[in-house]
Each structure stands twice: as C-alpha cells, then as structure tokens.
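First the structure, in the form of structure tokens, and then the observations on it.
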Amino acid sequence: MAGAEKDHQIIEYVVKKGDTVAKIAKEFGIDVNTILWANNLSRKSILKEGQKLIILPVPGVLHVVKRGDTLSKIAKLYKASIEKIIEFNDLENDKILTGDILIIPGGKKPKTLPSRKPSRKIVKVPKSYFICPIPPPCKITQKLHWYRAVDFSNGRCYDPIYAVAQGKVQKTGYDRIAGRYIRIVHPNGVVTFYGHLAKIIVKPGQEVSQGQIIGYMGHSGYTIPRGKRGCHLHFDVFGGTNPFAY
C-alpha cells in the first residue's frame, strides 16, 4: 500500500521483518508520533512481524467520537483547527455521531486526558446483552484488535449477519478498509460496527431487533487474505467494552 496516491483514507499496514516505527513513518511521509498515538504505542514498543498498524494519511491524531463530544471540544483537546477537522473529514453540517472516526490534522496528543464525565465513561457491556452476530458455531478468528474489535467467521461467505442487540441503524456506508459497513446505536448508548459485508439490507434510521438479519458476510474492503478466503465479520464496539473479547 505504500507509495499509493495519498488521500484521506486510513491505511492498515502489516509489519514486515526489519520494520521500525521510524522506517514506516518515513515510508508514508508522516512523523513517528502519529503512528505511536494512533496505535497506543510508546517509544519503547517493539514491533512484531505480522502486527497490524493504523496509518493516518497526514501527521496528526485519530479520535473516536464519544457521547458528549463536540467539534469545539475535540479541537481544543488536540490544539487543532475546527475548520481543518471539518474539511479533512468531509463533515456535513458540522455534524458528528458517536462512533465516528475523525482524523485531526496537525493535532497533538494531550499529556493528560481530561477527567471523564459520567456520560463519557466506557459502558461495561455484559455478555448477556449481545448475541453472537453470526450463525453457530460462532467462531472468533481474531481476538481483540483495533479499535475494540474481534473478527468472526465460520469459514463461509454470505452467512447472515445479526444485530447483536436492539437498536437503531445509525449509519451505513463503504470504507476502503472496512468495506461495506453498518453502525447501530443501542439503548445503552453503545454503538456496534459490522464490517466487510457482502450486502447491507437495512437503512439509516431503521429500528432493528436483536437477532434481525442486517446484512451478509463478505470480504469487501481490505481483508487478509484477499478474496473469498478472507470472508469474515469485523465486529467493533464504540463507547463500551466488547464482551466477545474476553
């Protein structure tokens, strides 16, 4: 993926033998801190071959929108420009939603994060709150990885994908990495994300019940391996814990 024309997309990079953070940063034309911040690494972190890293298209910070966030608060937190955040992320009507992933151009990670208000706390989601999003035997093929995701697959394409809990479809779309995706906001404020879908059969604003089919498993976007062998569900949780990760 290195050397491709630069755009506003986040890239998922797989670490190769001999890679260092400095070498990867130079390859993508960003600074070391941008990689460290996006991947929760420190200067002492050692990269492992096969490890996946999030690479931002510009120097800056990655921010996942939480309940109570506003653009002015986010810009102030990272000492960044609201106008640049809006422009770079193509925000319509300056509107942001819980679970949105924003790139903050030129942003700096604060040394200390502000104390969280009760509405901003991470919700502890009990396993009983969610059902498995794929049919039995509900195999997890990759444990906890960025952001709070696990991967599911029974080794088949086009398996139905279920809403893990009651909620409202917040957003659907296509991303170069996640492919066709669905985001659902649940009554407890947690947002769940379903990526790499072959087909989406729900629309934003639609109410869904637990267990309702919302789409079908595929390999859209960027998967390892590519093609049908890469069919899986990338299931992520924003604003809460992912009970399938433990």
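The values are calculated or read from the model by the stated rules, or taken from the named source; none is laboratory data. Since we're looking at a predicted model, the values are computed, not measured. As a convention, Cβ positions derive from the backbone with ideal geometry for all residues, glycine included, and neighbour counts pool all protein chains shown.
How many residues are more than 24 Å from residue 143 (Cα to Cα), free of Cβ contacts under 8 Å to residues at least 24 places away in the same chain and surrounded by 12 or more Cβ atoms within 10 Å (Cβ to Cβ) if we restrict to region 30-57?
So the count comes out to 1.
Restricting to region 174-225, and then to whatever is among the hydrophobic types (A, V, I, L, M, F, W, C) and free of Cβ contacts under 8 Å to residues at least 40 places away in the same chain, can you tell me which residue is farthest from residue 157 (Cα to Cα)?
Applying the first criterion (among the hydrophobic types (A, V, I, L, M, F, W, C)) to region 174-225 yields 177-178, 182, 184-185, 190-191, 193, 197-198, 200-202, 208, 213-214, 217, 224.
Now narrow it down to the ones that are free of Cβ contacts under 8 Å to residues at least 40 places away in the same chain: 182, 184, 197, 200-202.
Numbers: 182: 17, 184: 22, 197: 9, 200: 14, 201: 16, 202: 19 Å.
Residue satisfying both the conditions and the ranking: 184.
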*Return yes or no: is residue 36 within 21 Å of the chain's Cα centre (by Cα) and more than 18 Å from residue 222 (Cα to Cα)?*
yes
*Just wondering, is there one or more residues in region 169-177 that are in a strand (DSSP E or B), more than 15 Å from the chain's Cα centre (by Cα), surrounded by 16 or more Cβ atoms within 10 Å (Cβ to Cβ) and assigned by TED's automatic domain parsing to the domain that holds residue 235?*
yes
*asked:* Being more than 19 Å from the chain's Cα centre (by Cα) and without any contact (Cβ under 8 Å) to a residue 24 or more places away in the chain is the requirement here; does residue 137 meet it?
replied: yes
_Scan region 196-213 and tell me whether some residue there is among the hydroxyl-bearing types (Ser, Thr, Tyr), more than 21 Å from residue 89 (Cα to Cα) and exposed (fewer than 14 other Cβ atoms within 10 Å of the Cβ)._
yes
*Give the number of residues within region 211-246 that are under 16 Å from residue 124 (Cα atoms) and basic (Lys, Arg).*
0
_Out of the residues in region 58-97 meeting the condition of being in a helix (DSSP H, G or I) and of a type in the set (Ser, Thr, Tyr), tell me which one is surrounded by the most Cβ atoms within 10 Å (Cβ to Cβ)._
78
*asked:* Checking the conditions here, which among 75, 163 is of a type in the set (Gly, Ala, Ser), assigned by TED's automatic domain parsing to the domain that holds residue 237, over 29 Å from residue 14 (Cα atoms) and at pLDDT 95 or above?
replied: 163
